[in-house]
Amino acid sequence: MPQEQYAHRSTMQTSEGPQVYKVGIYGWRKRCLYFFVLLLMILILVNLAMTIWILKVMNFTIDGMGNLRITEKGLKLEGDSEFLKPLYAKEIRSRPGNPLYFQSARNVTVNILNEKTKVLTRLVTGPQAVEAHSQKFEVKTLSGKLLFSADDNEVVVGAERLRVLGAEGTVFPKSIETPNVRADPFKELRLESPTRALVMEAPKGIEINAEAGSLKATCRTELKLESKDGEITLNSAKIKLPNLPQGSSSSAGSRQKVYELCVCPNGRLFLSQADTRSTCQINTSVCL
């Protein structure tokens, strides 16, 4: 470079002074940046406050949240709990001394499954009925004594006394086997079959007792007392047969009030006026 040009440039730079370049954000950009930083801080504080409020309301602690507590033996729930999906647990029990409630708007169903997820036993409690589906149903006491049992073959009542409180009694469409049938004290006992026959059978005899009252047997057509190998005994201080027919008198003017009890070949009973000898053969016309 020629000496004249270099001297001219040096003179110009000296006369104008050094040039300064500003580095940073200025003006409206700076104010917007401060605004966004302040807004972000406000959002962080609001978020922190909401988080603390949620933790306070939900009762989050080291042991759990809300009514749920995590213990060494499992989960512990205090108060009412609602499950929106199936609950799988090995054991569900209440606190010592407090009852356990299962509440539902429709029904409560308890299923017992096998390894292949097939239902073996089902208990359904609904608004209209309680249904139990199983091979056998049993009710036992705390000591293990059987009170009630039901399966496909039979129904067993193991209680010492079976009481029927209904006004109409109990209806048995088929046979019933029991060692004793009796009514409550000061109550009457009625064995009735409205449309069919009533049959009582026992290999060693049937005993009917009315210790504090009378015994009455009424039928519409015939009442039969039959003994195939033994005898029929009427043991009483007084035996009355009020409506027996009377045979005609052999003597026209007799006014005798003593009668003889006679039996026809067909089993019909009738009265005949007594005499020194039997008069039953004379009055056989009653048996016709």
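The values are calculated or read from the model by the stated rules, or taken from the named source; none is laboratory data. Treat the numbers as computed from the prediction; the structure is a model and nothing was measured. A quick note on method: Cβ atoms are made from the backbone with ideal geometry, for glycine too, and the neighbour counts reach across all protein chains shown. These accessible areas exclude ligands, DNA and RNA; they are computed on the full protein's heavy atoms, side chains included. Shrake-Rupley method; radii C 1.70, N 1.55, O 1.52, S 1.80 Å.
Hey, could you check the range 250-265 for residues that are modelled with pLDDT of 80 or more and not aromatic (Phe, Trp, Tyr) and say which is most open to solvent (accessible area, probe 1.4 Å)?
Pro265
Just checking, does the range 238-249 include any residue being open to solvent by less than 100 Å² (accessible area, probe 1.4 Å) and in contact with a Ser or Thr (Cβ under 8 Å, 6 or more places away or on another chain)?
Yes, the conditions are met somewhere in the range 238-249.
Does Val139 satisfy the condition of being of a type in the set (A, V, I, L, M, F, W, C), open to solvent by 100 Å² or more (accessible area, probe 1.4 Å) and within 30 Å of Arg161 (Cβ to Cβ)?
It is false that Val139 is of a type in the set (A, V, I, L, M, F, W, C), open to solvent by 100 Å² or more (accessible area, probe 1.4 Å) and within 30 Å of Arg161 (Cβ to Cβ).
Scan (1) surrounded by 10 or more Cβ atoms within 10 Å (Cβ to Cβ); (2) among the β-branched types (Val, Ile, Thr); (3) farther than 30 Å from Arg268 by Cβ for the single condition Ile208 breaks and write down its number.
In the conditions (1) surrounded by 10 or more Cβ atoms within 10 Å (Cβ to Cβ); (2) among the β-branched types (Val, Ile, Thr); (3) farther than 30 Å from Arg268 by Cβ, Ile208 misses (3) alone.
Give me a count of the residues in the range 111-150 that are assigned to a loop (DSSP other than H, G, I, E, B), more than 16 Å from the chain's Cα centre (by Cα) and of a type outside the set (Ser, Thr, Tyr).
So the count comes out to 8.
For the range 50-62, name all the residues that are open to solvent by 90 Å² or more (accessible area, probe 1.4 Å) and under 25 Å from Arg93 (Cβ atoms).
Ile62
Look through Val181, Val119, Val110 and report the one residue that is in contact with a His (Cβ under 9 Å, 6 or more places away or on another chain) and either modelled with pLDDT of 80 or more or open to solvent by 60 Å² or more (accessible area, probe 1.4 Å) (or both).
Of the residues listed, the single one that is in contact with a His (Cβ under 9 Å, 6 or more places away or on another chain) and either modelled with pLDDT of 80 or more or open to solvent by 60 Å² or more (accessible area, probe 1.4 Å) (or both) is Val119.
Looking at this structure, is Leu68 open to solvent by less than 80 Å² (accessible area, probe 1.4 Å), modelled with pLDDT under 90 and of a type in the set (A, V, I, L, M, F, W, C)?
The answer is yes for Leu68.
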